[in-house]
Structure formats: structure tokens, C-alpha cells
Amino acid sequence: MEYKLEEANIRHLHYAESICEMMAEAAKKRGTGIAKRTPEYLQEKMIQGNAIIALSNNHVVGFCYIESWQSQEYVAHSGLIVNEDFRKTGLARKIKSAVFELSRKAFPNAKIFGITTSPAVMKINTDLGYKPVAFSNLTSDSKFWDGCKSCTNYDILERTSKKMCLCTGMLCLPSTNQKKKNEKEKSITSI
């Protein structure tokens with residue numbers, strides 16, 4: 001299965017509706033909640049250069065975007081989705097790695113975080129240097145948490161005063177990011 005990863009831009013705007021449909025279908029099949037996004041919201045991320053898209057034969061097969069919070073102190077990777085036919089191929093890991101690098105380039109001093117119910121995403125995040133944390137270690141920006149309102153599990157988040165939900169919060173500090181990058185560069189130069 002061949003595909004290519006690209007930084008999404010205005011050439012990719014017409015894929016936004018398909019991406020939203022893929023996200024909704026995946027959440028429905030897994031029986032989990034999802035913070036729903038509109039095609040216009042995803043298009044905004046593409047225009048800003050804050051997204052990675054995977055294409056195969058001019059069809060979108062994967063996507064993830066970046067959001068910044070609290071004056072760019074925090075950056076979240078959101079909306080990771082891979083077409084069902086491309087799962088278990090390593091594509092999700094490649095998309096997350098690409099969006100991680102894009103984040104580091106655009107927001108070098110930001111704390112990178114995410115919330116997820118997916119064990120596969122937790123594993124990928126762990127490999128990138130994220131650690132599980134309490135929600136209190138994540139952004140306090142109410143606009144981020146408002147994004148959870150469309151999730152079927154929002155009542156849990158609301159009942160616990162945003163202290164816990166079915167998602168796991170994960171955080172990667174800038175120093176961890178730099179350490180991983182230095183280790184990677186060191187291993188490449190020693191080959």
C-alpha cells in the first residue's frame with residue numbers, strides 16, 4: 001500500500017469533508033467519544049500549515065492537525081485518523097512523528113499534549129516521549145475543553161470538573177523533545 005505524507009495546505013482543502021466522515025465512522029465503530037470538528041475547522045488548520053495529510057491515489061488515507069493553546073505554551077495533536085484499509089501498516093506512527101516534528105519546528109518551546117482513548121495512540125505517544133499525566137497538567141484554556149462538548153463522554157468530564165474522563169492525558173515537555181532529537185541525531189551520525 002503506497003501513500004505519501006505531506007504538510008497539508010490549500011491544495012488539500014477539498015479533503016476536509018472526507019476526513020470528518022472518516023473520524024465520525026471510526027468513533028462509531030470503536031464505540032468511543034470524539035470531539036467533532038467541522039470541515040471548515042480542518043480547512044483552517046490546513047491553511048495555517050498546521051496539519052499532516054496522507055494520500056494514496058489522490059484519496060485521503062490519514063490526517064492529524066496541530067492546535068496551540070495559552071499563547072502557544074501548549075500544543076495539542078488532534079484528529080489523528082487513518083483509513084481502515086491502512087491501519088496496522090505503521091501509517092499512524094508516521095503521521096504522528098511528522099506532526100510532532102512540524103510542532104517542534106513551529107512551536108519549539110511548547111509542551112505537546114494529547115488526550116486519547118486509543119491504546120495504539122498511547123503507545124505511539126509514549127515512544128515519542130509523552131508521559132501520562134493528570135488533566136490538571138494540560139492546558140487550562142477553556143476553548144480546548146469546549147472541543148470535548150461534542151463527545152458522548154463529555155458528561156464525565158463535566159461531573160469531575162475536568163479532572164478525569166475516559167481519555168488519558170499525555171504530555172511531552174520541550175526538554176524531552178530536544179533530548180529525543182539529540183539522541184536520534186547522535187545515532188544517525190554514528191552509523
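Scan the range 91-115 for residues that are surrounded by fewer than 17 Cβ atoms within 10 Å (Cβ to Cβ) and of a type in the set (A, V, I, L, M) and report the count. Residues flagged as surrounded by fewer than 17 Cβ atoms within 10 Å (Cβ to Cβ) and of a type in the set (A, V, I, L, M) within the range 91-115 amount to 1. For the residues Ala76, Ala98, the requirement of being of a type in the set (Gly, Ala, Ser) and part of a helix (DSSP H, G or I) singles out Ala98. Looking across the range 131-148 at every residue that is in contact (Cβ under 8 Å) with a residue 60 or more places away in the chain and in a helix (DSSP H, G or I), the one that is surrounded by the most Cβ atoms within 10 Å (Cβ to Cβ) is identified as Phe144. State whether the residues of the range 15-25 include one that is under 13 Å from the mean Cα position of the chain (by Cα) and within 27 Å of Leu138 (Cβ to Cβ). There is at least one residue in the range 15-25 that is under 13 Å from the mean Cα position of the chain (by Cα) and within 27 Å of Leu138 (Cβ to Cβ). Within the range 161-180, restricting attention to residues that are in a loop (DSSP other than H, G, I, E, B) and modelled with pLDDT under 90, the residue that is nearest to the chain's Cα centre (by Cα) is Cys167. Remark: Val61 matches the filter, which requires a residue to be assigned to a strand (DSSP E or B) and over 22 Å from Gly129 (Cα atoms).
Yes/no per residue for (1) farther than 17 Å from Ala98 by Cα; (2) among the polar types (S, T, N, Q); (3) touching a His at 6+ places or on another chain (Cβ under 8 Å); (4) at pLDDT below 95:
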residue: Leu5; (1), (2), (3), (4): no, no, no, no
residue: Ala8; (1), (2), (3), (4): no, no, no, no
residue: Ala26; (1), (2), (3), (4): yes, no, no, yes
residue: Lys29; (1), (2), (3), (4): yes, no, no, yes
residue: Lys45; (1), (2), (3), (4): no, no, no, no
residue: Asn50; (1), (2), (3), (4): no, yes, no, no
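Screening Leu91 against (1) touching a Gly at 6+ places or on another chain (Cβ under 7 Å); (2) within 28 Å of Ile156 (Cβ to Cβ); (3) of a type outside the set (S, T, N, Q) leaves a single unmet condition, (2).
Select from the range 1-24 the residues that are of a type in the set (Gly, Ala, Ser) and part of a helix (DSSP H, G or I) and write down the one among them that is surrounded by the fewest Cβ atoms within 10 Å (Cβ to Cβ). Talk me through it step by step, then tell me what you get.
To start, the set of residues in the range 1-24 that are of a type in the set (Gly, Ala, Ser) comprises 8, 16, 18, 24.
Next, only the ones that are part of a helix (DSSP H, G or I) stay: 16, 18, 24.
On the way: Ala16: 24, Ser18: 16, Ala24: 14.
Residue satisfying both the conditions and the ranking: Ala24.
The values are calculated or read from the model by the stated rules, or taken from the named source; none is laboratory data. Every value quoted in this text rests on a predicted model; they were computed, and no experiment measured them. Neighbour counts are summed over all protein chains in view; Cβ atoms, including those assigned to glycine, are modelled from backbone coordinates with ideal geometry.
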